[in-house]
Structures are given as C-alpha cells and as structure tokens.
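Some notes on the structure that comes next.
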Amino acid sequence: MVVNRTRDGGKKFETLTRGLPQENTYDLVYRHAPDVDETGNRLAFGSATGSLWISEDGGDSWQTLSSSLPPIYAVRFEKS
C-alpha cells in the first residue's frame, strides 16, 4: 500500500509508505475514498475491503484506524 504525493502539479511524485501495510495487502481504494481537511495536514482514505487510514502530518506517516469496517466508498472530513 502506498500513497503518492505531488507538490508541483504532477511533475514529481513522492511515494509515501510509513505506517501503511507493505505485505499481504489486497485493498482497493476508490477515487472518492480519500479526503484532505481544510488545513491540508489531515488526510484519510478507506478501502473497499474495510480498512481506514489517517495521516495528521500531510501524508508523511499513516496510522490504521480500523481494518474491519464494511466497504468504504467515500471519506469526508466535516467542514468547520
């Protein structure tokens, strides 16, 4: 599992893996499954296999919130 990040409109990409599973991962993430909060620092995404991850540092590191939810088709942060 990886997240790719660009900060220059797609000219270069960084592959981020810290905190994401790297072995025996069979997750499918739909394009509506990730979201970024208003600050741009908190990111979250869910998979169709029921896993949910969050990053509090712009994607540099991730933590698993759950790996046993029903399929996740979209994630949204509540606007303040």
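The values are calculated or read from the model by the stated rules, or taken from the named source; none is laboratory data. It should be emphasised that the depicted structure is a prediction, and the values quoted were computed from it without experimental measurement. Neighbour counts run over all protein chains shown; Cβ positions are idealised from the backbone, glycine included. These accessible areas exclude ligands, DNA and RNA; they are computed on the full protein's heavy atoms, side chains included. Shrake-Rupley method; radii C 1.70, N 1.55, O 1.52, S 1.80 Å.
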Practice task
Can you confirm whether segment 29-38 contains a residue that is open to solvent by 30 Å² or more (accessible area, probe 1.4 Å), more than 23 Å from Glu78 (Cβ to Cβ) and aliphatic (A, V, I, L, M)?
Solution key: no
Practice task
Hey, can you tell me all the residues within segment 19-28 that are over 26 Å from Glu78 (Cβ atoms) and open to solvent by 80 Å² or more (accessible area, probe 1.4 Å)?
Solution key: Gln22, Glu23, Asn24, Tyr26
Fill in the blank from the handout: Among residues of segment 1-45 being among the basic types (Lys, Arg) and under 17 Å from Thr64 (Cα atoms), the residue farthest from the chain's Cα centre (by Cα) is Arg18
Exercise for the section: Examine segment 53-67 for a residue that is open to solvent by 80 Å² or more (accessible area, probe 1.4 Å) and modelled with pLDDT under 95, and state whether such a residue exists. Expected result: yes
Fill in the blank from the handout: When segment 1-18 is checked residue by residue, the ones that are hydroxyl-bearing (Ser, Thr, Tyr) and open to solvent by 70 Å² or more (accessible area, probe 1.4 Å) are Thr15
Completion exercise
Being polar (S, T, N, Q) and modelled with pLDDT under 90 narrows Thr49, Thr39, Thr17, Thr25 down to just Thr25
Exercise for the section: Scan segment 39-52 for residues that are in contact (Cβ under 8 Å) with a residue 12 or more places away in the chain, open to solvent by 10 Å² or more (accessible area, probe 1.4 Å) and hydroxyl-bearing (Ser, Thr, Tyr) and jot them down. Expected result: Thr49, Ser51
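Listed here are the residues, each with its yes/no results for (1) of a type in the set (S, T, N, Q); (2) part of a loop (DSSP other than H, G, I, E, B).
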{"site": "Lys11", "(1), (2)": "no, yes"}
{"site": "Thr15", "(1), (2)": "yes, no"}
{"site": "Pro21", "(1), (2)": "no, yes"}
{"site": "Glu38", "(1), (2)": "no, yes"}
{"site": "Gly50", "(1), (2)": "no, yes"}
{"site": "Ile54", "(1), (2)": "no, no"}
{"site": "Ile72", "(1), (2)": "no, yes"}
{"site": "Val75", "(1), (2)": "no, yes"}
{"site": "Lys79", "(1), (2)": "no, yes"}
Handout entry: Lys79 being open to solvent by 90 Å² or more (accessible area, probe 1.4 Å) and modelled with pLDDT of 95 or more
Key = no
